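> Let me begin by handing over the structure; questions about it come next.
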Amino acid sequence: MKATRRSEDEDRPVIDLALFGALGDLSLRKLYPALYHLDREGLLHDDTRILGLARQEMQTDAFRKRVAETLQTYVKPAELDRATVKRFTARLDFLQLDFGTAEGYGAIAEWRKAVRHDTVVCPLVVYLAVPASLYGDICRNLQAGECLDELSRVVVEKPIGYDFESSCEINDAIGEVFPESRVYRIDHYLGKETVQNLIALRFANPLFGTQWNQNHISHVEITVSEQVGIEGRWGYFDRAGQLRDMVQNHLLQLVCLIAMDPPANLDADAIRDEKVKVLKALQPFSEARLNRDVVRGQYIAGTINGKGVPGYLEEEGANRESGTETFVAMKTGVSNWRWAGVPFYLRTGKRMPEKLSQIVIHFRQQAHYIFDPDQRNLAANKLVIRLQPDEGIALEVLTKDSGLDRGMRLRRGPLHLDFGSAFPQERIPDAYERLLLEVMKGRQYLFVRRDEVEHAWHWCDSLIAAWEEMGEPPRRYPAGSWGPVASIAMITQDGRSWYEDY
Ligand code: BG6
């Protein structure tokens, strides 16, 4: 094994991965399983090595055992093979480190020299699976410890800050050490297969390309619902709330991919420039519109899958007075030529009846209608893009109802592309697999640029400020329901309803 050469294999470049927060939840649940799958698919170069860093004391052997155990838990039994687990865990080393002090960081450079037999030419990828408050210190300490060079990259997780100002502080601290071209900000929704398919669907199919504007689309609907509650994350979540946790990042990224103009090519900056234009054109919320167009909710006790679950204020560690929202629904829009007058209805919440991420594009009705007047409301196409579960795309079309006595009655039916059954031999990879692979290849198009984060915060901050000004508590909804009734009223007042055909 030649451990020191620069990889010429673009699909499987050699890297050294330094994983901060190596024993944390994200690493155990998502990162090791994703790296394992890459290894299993032959996408991790034989020479790639991984250094786990955590504050706890642990020997490398015990660390490898811990990772092997986590794979047993989080990888499907049919996809877990002993040879890959053995090969994968053999790539791992462990270093105990106090992240906040520069002392000790030199050991990372030592580790690299040791595994590369003194000649280090592959990039160091630093993955910060730790709270954002530590990003600045870790970056500075890596520099002081002479761990970095012009190839080093850093990967950071959301949330980047709590508002525009704190996100600037964090990004400044990272930027003092890493240039933007080597910063990879993860929004894991961008790694989901069907989210990337939005780009293919929109820009590879002339059928949609010509229809994708206010002349043909009446409104857009995005639902991201979860069954889970706060699951021991009360401390973090109560300060954030659903707007900061889900809308500022995941939902706005979906809005960008639906609303952006075609990029000149698939280069990272061509795509991100177009996304920024959408974020800049997002409609701000005026005080007058707040009551009408935004609904905040908080779940109370209810039933999920036939089992009673506690309310948000009864969760472990809860502050019983909290006014944090666990649900948001809103009507917004993109003020530009393409989307003028097209409402975007967004809703997302915890403790809802099912886990579902879905976009529905509602096309306008036929201008000259010749069928039964009582079926007029049926007469519009819908494109349903299902991100999870059961990834797929369905186009609702109208056909003639069959039967001799049906005349020219219409009925609605889907043209359906279900990825699972259309391509059964293909495993749909987890978002983190794709994102880790892209970091290794040094491609940034699935990562969020600094100005995207900042524009998204600007928009959210103005909404939060208006909420604070209004001072109203969130509306209650029972766990296991689709949110406060006001969120249904919000859309029905426009003569529409949330798409419920799943
Ligand atoms: C995370 C949020 O970013 O996304 C969590 O912090 C949320 O609160 C999660 O549960 C949802 O991700 P997914 O991929 O399960 O839809």
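> Consider only pairs whose beta carbons are under 8 Å apart and that are at least six residues apart or on different chains; among these, list those whose first residue lies in the range 317-333 and is surrounded by fewer than 16 Cβ atoms within 10 Å (Cβ to Cβ) and whose second residue is among the aromatic types (Phe, Trp, Tyr).
The qualifying pairs are Gly317/Trp234.
> Also, I was wondering about something else. Could you list, in sequence order, the residues of the range 64-101 that are polar (S, T, N, Q), buried (at least 16 other Cβ atoms within 10 Å of the Cβ) and under 26 Å from the mean Cα position of the chain (by Cα)?
Thr70
> Tell me which residues, restricted to the range 407-438, are farther than 30 Å from Tyr127 by Cα and either within 16 Å of the ligand (Cβ to nearest atom) or part of a loop (DSSP other than H, G, I, E, B) (or both).
Once the filter is applied, which keeps residues that are farther than 30 Å from Tyr127 by Cα and either within 16 Å of the ligand (Cβ to nearest atom) or part of a loop (DSSP other than H, G, I, E, B) (or both), the range 407-438 yields Gly407, Met408, Arg409, Phe423, Pro424, Gln425.
> Counting only residues that are under 21 Å from Ala200 (Cα atoms), give me the helices (runs of 4 or more DSSP H) lying completely in the range 247-360 with at least 2 of them.
In the range 247-360, 252-259, 268-281 are the helices (runs of 4 or more DSSP H) which contain 2 or more residues that are under 21 Å from Ala200 (Cα atoms).
> When you scan the range 143-161, how many residues do you find that are within 16 Å of the ligand (Cβ to nearest atom) and more than 30 Å from Tyr236 (Cα to Cα)?
Count: 0.
> Follow-up question, since we're still on this one. For the range 178-192, check the following and say yes or no: at least one residue is within 12 Å of the ligand (Cβ to nearest atom), without any contact (Cβ under 8 Å) to a residue 24 or more places away in the chain, out of contact with any Gly (no Cβ under 9 Å at 6 or more places or on another chain) and of a type in the set (Lys, Arg).
No; the residues of the range 178-192 include none that is within 12 Å of the ligand (Cβ to nearest atom), without any contact (Cβ under 8 Å) to a residue 24 or more places away in the chain, out of contact with any Gly (no Cβ under 9 Å at 6 or more places or on another chain) and of a type in the set (Lys, Arg).
One line per residue, one yes/no per condition, for (1) surrounded by fewer than 16 Cβ atoms within 10 Å (Cβ to Cβ); (2) more than 16 Å from the ligand (Cβ to nearest atom):
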site: Ile271; (1), (2): no, yes
site: Glu274; (1), (2): no, yes
site: Leu279; (1), (2): no, yes
site: Ala288; (1), (2): yes, yes
site: Glu315; (1), (2): no, no
site: Trp337; (1), (2): yes, yes
site: Arg351; (1), (2): no, no
site: His362; (1), (2): no, yes
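> Okay, moving on. Would you check which residues across the range 382-406 are part of a loop (DSSP other than H, G, I, E, B), at pLDDT 85 or above and over 30 Å from Arg427 (Cα atoms) and list them?
Within the range 382-406, just Asp401 meets the criteria.
> Further question: Would you mind finding the one in Ala259, Ala200, Ala204 that is touching a residue at least 12 places away in the same chain (Cβ under 8 Å) and either on the phi < 0 side of the Ramachandran plot or more than 12 Å from the ligand (Cβ to nearest atom) (or both)?
Ala259
> Can you confirm whether Leu151 is of a type outside the set (S, T, N, Q), on the phi < 0 side of the Ramachandran plot and free of Cβ contacts under 8 Å to residues at least 60 places away in the same chain?
Against the criterion (of a type outside the set (S, T, N, Q), on the phi < 0 side of the Ramachandran plot and free of Cβ contacts under 8 Å to residues at least 60 places away in the same chain), Leu151 qualifies.
> With respect to Val195, is the statement that it is more than 16 Å from the ligand (Cβ to nearest atom) and buried (at least 21 other Cβ atoms within 10 Å of the Cβ) true?
No: the conditions fail for Val195.
> Go through the range 242-256 and give me each residue that's within 12 Å of the ligand (Cβ to nearest atom) and under 17 Å from Leu446 (Cα atoms).
Gln248, Asn249, His250, Leu251, Gln253, Leu254
> Go through the range 351-399 and give me each residue that's basic (Lys, Arg) and on the phi > 0 side of the Ramachandran plot. Reasoning before the result, please.
Kept after step one, since they are basic (Lys, Arg), are these residues of the range 351-399: 351, 355, 364, 376, 382, 386.
Answer for the range 351-399, where residues must be basic (Lys, Arg) and on the phi > 0 side of the Ramachandran plot: just Arg351.
> Just checking, how many residues over the range 205-246 are in a helix (DSSP H, G or I), under 25 Å from Arg475 (Cα atoms) and in contact with a helix residue (DSSP H, G or I) (Cβ under 7 Å, 6 or more places away or on another chain)?
So the answer is 4.
> Residue check: is Ile138 in contact with a Cys (Cβ under 8 Å, 6 or more places away or on another chain) and at pLDDT 95 or above? Before you say what the answer is, go through the steps one by one.
Numbers: in contact with a Cys (Cβ under 8 Å, 6 or more places away or on another chain): no; at pLDDT 95 or above: yes.
No, not satisfied.
> Further, regarding this structure: Might you let me know whether the range 359-379 holds any residue that is basic (Lys, Arg) and either under 30 Å from Ala281 (Cβ atoms) or in contact (Cβ under 8 Å) with a residue 60 or more places away in the chain (or both)?
yes
> I'd like to check something: does the range 48-71 contain any residue that is among the charged types (D, E, K, R), within 23 Å of Gln444 (Cα to Cα) and out of contact with any Cys (no Cβ under 6 Å at 6 or more places or on another chain)?
Yes, the conditions are met somewhere in the range 48-71.
> Sticking with this one: Of the residues in the range 207-241, how many are under 25 Å from the mean Cα position of the chain (by Cα), of a type in the set (S, T, N, Q) and either closer than 14 Å to Asn381 by Cβ or within 11 Å of the ligand (Cβ to nearest atom) (or both)?
2
> Next up: So for the range 97-105 (the condition being modelled with pLDDT of 95 or more, closer than 26 Å to Asp39 by Cβ, in contact with a Lys or Arg (Cβ under 8 Å, 6 or more places away or on another chain) and more than 16 Å from the ligand (Cβ to nearest atom)), does at least one residue qualify?
yes
> Let me ask you something else. With at pLDDT 95 or above and of a type in the set (D, E, K, R) as the only criterion, which of Arg449, Arg496 stands out?
Checking each option against the conditions leaves just Arg449.
> Then there's this: Could you list, in sequence order, the residues of the range 364-376 that are in contact with a strand residue (DSSP E or B) (Cβ under 6 Å, 6 or more places away or on another chain) and outside any loop (DSSP other than H, G, I, E, B)?
Gln375
The values are calculated or read from the model by the stated rules, or taken from the named source; none is laboratory data. Nothing here was measured: the structure is a model prediction, and the numbers come from that model. Glycine gets a Cβ as well: all are built from the backbone with ideal geometry, and neighbour counts include every protein chain shown.
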